[in-house]
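Presented below is the structure to which this report refers.
What follows is calculated from the coordinates using simple rules that are stated; it is not laboratory data. Computed from a prediction, not measured in an experiment: that's the story for all the values here. Ideal geometry is used to build each Cβ from the backbone, glycine not excepted, and the neighbour counts take in all protein chains shown.
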């Protein structure tokens, strides 16, 4: 049986629940007393590059489909999905081996004191708004991308187009805000 005739709603639902639950659990697990075998501190930059590339691919994908280049549209989207999967693996790896960085923690002691809060001022609120919307929409985007991808691969173009109109702007926002979050927090790594 080809993918065209398969109902993959349940596997997509399971994946869409398991990923955010595992990522959330990751933030509460104690850090292992082992080394990653490489400097994991390079990974946030890698994440920003992957998010940037995904955003560019999404722009290209939109251009391609609006100009009738269906195959190029498909390649751009499949590549964006692969980059997003690599991002997820890298993100989990980074947070498995490191403590979360606090915005404004200029002395890197994982404690945000009053002086550090004052130093960043209202920028904190902008950062946390962008971060919160990024996180919430990153959870939402998983099933949207998977269902949009499935509809396209099944050649169900009417439903693909309908869900893609929701998926594309959210996915693009998540990719762009991922880069913005990196730029804003990078001084505190």
* Structure fact -> A student asked for the Cα radius of gyration and Dmax of region 100-189 in angstrom ought to give 17.8, 57
* Using the C-alpha atoms of the chain, what convex hull volume per residue, in cubic angstrom, is computed? -> 136
* To do: Within region 32-49, which residues have the backbone N less than 13 Å from the label spot 7 Å out from residue 93 along Cα→beta-carbon, could you tell me?
  => 36-47
* **Mean-position separation - Cα centroids, region 42-76 and region 84-112, in angstrom** => 25
* **Per-residue [θ]222 nm for the chain (sum of -39500 (n - 2.57) over DSSP H runs n ≥ 4, rounded to 500)** => -25500 deg cm²/dmol
* Would you mind getting me the FRET efficiency between residue 133 and residue 66? Use the beta-carbon distance for r and R0 = 30 Å, nearest 0.05. => 0.70
